[in-house]
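Contents: one structure, followed by commentary.
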Amino acid sequence: MKNRIRFREIEANRGFWALLALMGTLIGLAALAFFYLKIYGHVATGMNNQIVWGLPHVFAILMIVAASGALNVASIGSVFGRKVYKPLAPLSGLLAVTLLIGGLAVLVLDLGRPDRLIIAMTHYNFKSIFAWNIILYNGFLVIVALYLWTLMERRMNRYSKPVGLAAFLWRLILTTGTGSIFGFLVARDAYDAAILAPMFILMSFSIGLAVYLLTLMAAASGNNRPIGHHIMNRLKNLLGIFIAGVLYFVVVFHVTNLYSEQNAVASRFILAGGTEHTTIFWLVYVVIGSLLPLAILFAPQTAGNPRAIGLASVLTVIGGAGLLYVIIIGGQALPLQLFPGMEVSSSFADGQVNAYTPSLPEILLGVGGVALFVAMTAVAMAVLRFLPESLADDKLDPHYSAESTQEEAAAKA
Amino acid sequence: MSKLPEKTDTDRRRFVAGAAVVGGTVAIAPGVTLMAAGRPADEAVTDKVRWGLLIDSNKCDQGCNACVTACKAENGIPDFGRPATDAQWIRKVDVTDPQTGNSFSLPVMCQHCEHPPCADVCPTGASFKRADGIVLVDKHICIGCRYCMMACPYKARSFVHEPVANQKPHAPRGMGTVESCTLCVHRVDRGAIPACVEACVGAQRGAMVFGDLNDPNSLISRRLREYPSTQIRADLRLNTGVRYRGI
């Protein structure tokens, strides 16, 4: 007899309202920052004519990349047929939507002319990967919304596999597009590499799964729905593999760069340039954001401990933000080479390493985007049934005991 | 709309038809070119001409800033004393070879590429290349995303970081949009030469020549044929409209 999994809204308890109040405040501050920039212009930011994309872009791309990765859990359930992930799929789809909206909000509000958003939706230059991304982002929202419908409406369940497959393929293309925003910049030494596209896909896997885990754990603890060890174990192992995968792409990217003198300039600048980007790369991305979470996830002392998994997820997100900061801002800090091998100077910072210090309005704008994501997710979960009533292993997976015994036997063999 | 009778009108047609190729452009001194053929406002731009610049860094003095000053005055680009965010359509770059100590100076502005990366990446098509090779920004559909600034190999573009005042009617600007050298399109269309080139002549340098790259008899084409020249970042194969000598 098949056990039907029941879903239930999260409780609108005191913690829920406190969270909403905090996020509301942060969103309000971001709105103030936006109007401040609208009146005074981007001169009130740390961005300038050399560092044209700043902290808002780090926040935005972090969330956009995470959005596509948050869909992992649903994809594994629908596309790859792993039953145990299916009850976790609706939350996965929800996060994909809310993260993307949060990220796009920051991106749009940082535009010089955000009031012209309608132009971005009606005038397309199809040679621009940016224009393609606008289509990919909007399409992603529509496809994931459809996907959620097939997951949450019983009569539509039979369509969840094909729609899930479409969403899976679409997100791979979407993150390829996001990575290609940088990959297609032929003029800049720090970018212009096709490997950036698959690297961004792996980044989306790790950051998206980390955000998923954190949301799942927060919702579970706030609603007394303990998560089974077996499912946590699976998810944390997956997270570990993704973190290692990103690290692999980063190593390949820099090693191939270092091979030829022409490309080595950019990698040497990041890896050993002595600027804040070198510190952020090694300390924030490599140590705090990659090695430490890997150690936490796989060391026998901490492996399987839910708090440790939560900490590792937080560190993964911080590491991802650090890596994006180095890619986006570090890549612009490196002076453009108009005359390779020559010493140059001008009134326009030619030949100089470009400094960048984010201003308060930029920080508020970025944080506001994250708050928007959190608030939308919390409200959606309180209004609709995204989370199973129980997250215990035997409730999520009817074959839990048999399967786990087999796995244990295999591990011992 | 009534059309003003203009003598240049007929000159233009003859020019385009190739009947008065030499007569269309008159060189009155080395580096000074008067464009006799302006373009009436109701006549479409064609690709029969491709406007370009030839800059001779041998004649460009490191201490001279005449082209930059003239550009700012012509196009109403203010100087707020904030070099990181102030717009610079043209700048002087001093270059030194660390091996030999040889140094030279040259102005760098939008290179008016045949294959402009800024126009390729622009999501809305606000960055575009006119048929006559001039790369421009349509201020009405620029959303201020700055992707073109990321893509330009020459750092030729500026973002308008603060509110603008006292704009020139021929060079509209707007906070939150991107701008760059227009090759003084408003002057070129009426048959005049860009302000920087005029100032260079005025400063007795004659380091800049403006003209039609498609016209084999124009001064710029003859100079380019006669002497070796190069493009900045020629490796990117953008086929720039701005060429340099002595670099």
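We did not get these values from a lab; they are worked out from the coordinates using the rules stated. Everything numeric in this text was worked out from a predicted model, so none of it was measured. Neighbour counts are summed over all protein chains in view; Cβ atoms, including those assigned to glycine, are modelled from backbone coordinates with ideal geometry.
Just to be sure before I move on: is A:ARG225 under 27 Å from A:ALA382 (Cα atoms), outside any helix (DSSP H, G or I) and not aromatic (Phe, Trp, Tyr) in the structure I sent?
Yes, satisfied.
Tell me whether region A:246-267 contains one or more residues that are among the β-branched types (Val, Ile, Thr) and under 23 Å from A:GLY310 (Cβ atoms).
Yes, some residue in region A:246-267 is among the β-branched types (Val, Ile, Thr) and under 23 Å from A:GLY310 (Cβ atoms).
What do you reckon, is B:GLY133 farther than 24 Å from A:LYS127 by Cβ and in contact (Cβ under 8 Å) with a residue 40 or more places away in the chain?
It is false that B:GLY133 is farther than 24 Å from A:LYS127 by Cβ and in contact (Cβ under 8 Å) with a residue 40 or more places away in the chain.
Taking region A:98-117 as the region of interest, how many residues are without any contact (Cβ under 8 Å) to a residue 60 or more places away in the chain and of a type in the set (Val, Ile, Thr)?
Within region A:98-117, residues that are without any contact (Cβ under 8 Å) to a residue 60 or more places away in the chain and of a type in the set (Val, Ile, Thr) number 1.
I'd like the residue in region B:148-173 that is within 8 Å of chain A (Cβ to nearest Cβ) and among the small types (Gly, Ala, Ser) and, out of all such residues, is farthest from A:LEU185 (Cα to Cα).
The qualifying residue farthest from A:LEU185 (Cα to Cα) is B:SER158.
Collect the residues in region A:359-374 that are within 14 Å of another protein chain (Cβ to nearest Cβ) and either closer than 20 Å to A:PHE269 by Cβ or surrounded by fewer than 21 Cβ atoms within 10 Å (Cβ to Cβ) (or both), keeping them in residue-number order.
Listed by number, the list holds a single entry, A:SER359.
Considering only residues that are surrounded by fewer than 20 Cβ atoms within 10 Å (Cβ to Cβ), more than 20 Å from B:ARG173 (Cβ to Cβ) and in contact with a helix residue (DSSP H, G or I) (Cβ under 9 Å, 6 or more places away or on another chain), which ones fall in region B:80-104?
B:PHE104
Search region A:359-377 for residues that are within 21 Å of A:LEU387 (Cβ to Cβ) and pair each with any residue that is part of a helix (DSSP H, G or I) and among the polar types (S, T, N, Q) when their beta-carbon atoms are under 7 Å apart and the residues are at least 6 apart or on different chains.
If the second residue must be part of a helix (DSSP H, G or I) and among the polar types (S, T, N, Q), the pairs left are A:PHE373/A:THR98; A:MET376/A:THR98; A:THR377/A:THR98; A:THR377/A:THR215.
Conditions first: (1) touching a Leu at 6+ places or on another chain (Cβ under 8 Å); (2) within 14 Å of chain B (Cβ to nearest Cβ); (3) surrounded by 23 or more Cβ atoms within 10 Å (Cβ to Cβ). A:LEU213 passes all but one, so which condition is the exception?
Of the numbered conditions (1) touching a Leu at 6+ places or on another chain (Cβ under 8 Å); (2) within 14 Å of chain B (Cβ to nearest Cβ); (3) surrounded by 23 or more Cβ atoms within 10 Å (Cβ to Cβ), the odd one out for A:LEU213 is (2).
Looking at region A:229-252 only, could you name the residues that are surrounded by fewer than 16 Cβ atoms within 10 Å (Cβ to Cβ) and not aliphatic (A, V, I, L, M)?
A:HIS229, A:ASN237, A:TYR248
Tell me which residues, restricted to region B:129-155, are within 25 Å of B:ASP215 (Cβ to Cβ) and among the small types (Gly, Ala, Ser).
Scanning region B:129-155 gives B:ALA131, B:GLY133.
Scanning region A:317-352 for residues that are hydroxyl-bearing (Ser, Thr, Tyr) and within 7 Å of chain B (Cβ to nearest Cβ), which turns out surrounded by the most Cβ atoms within 10 Å (Cβ to Cβ)?
A:SER346
Per-residue answers, yes or no, for (1) touching a Phe, Trp or Tyr at 6+ places or on another chain (Cβ under 8 Å); (2) outside any loop (DSSP other than H, G, I, E, B); (3) on the phi < 0 side of the Ramachandran plot; (4) touching a residue at least 12 places away in the same chain (Cβ under 8 Å):
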residue	(1), (2), (3), (4)
B:GLU162	yes, no, yes, yes
B:ASN166	no, no, no, yes
B:GLY191	no, no, no, yes
B:CYS200	no, yes, yes, yes
B:LEU224	no, yes, yes, yes
B:ILE232	yes, no, yes, yes
B:ASN239	no, no, no, yes
B:TYR244	no, yes, yes, yes
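Every residue, every condition in (1) of a type outside the set (Ser, Thr, Tyr); (2) surrounded by fewer than 19 Cβ atoms within 10 Å (Cβ to Cβ); (3) in contact with a helix residue (DSSP H, G or I) (Cβ under 9 Å, 6 or more places away or on another chain); (4) not in a loop (DSSP other than H, G, I, E, B), yes or no:
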position	(1), (2), (3), (4)
B:ARG39	yes, no, yes, no
B:ALA44	yes, yes, no, no
B:ASP47	yes, yes, no, no
B:ILE55	yes, no, yes, yes
B:ASN58	yes, yes, no, yes
B:CYS64	yes, no, yes, no
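Could you tell me how many of the residues in region B:119-147 are touching a strand residue (DSSP E or B) at 6+ places or on another chain (Cβ under 9 Å), more than 10 Å from chain A (Cβ to nearest Cβ) and under 17 Å from B:ASN239 (Cα atoms)?
7
Can you list the helices (runs of 4 or more DSSP H) lying wholly within region A:234-326 that have 3 or more residues being within 29 Å of A:GLN352 (Cα to Cα) and touching a residue at least 12 places away in the same chain (Cβ under 8 Å)?
A:261-272, A:306-325
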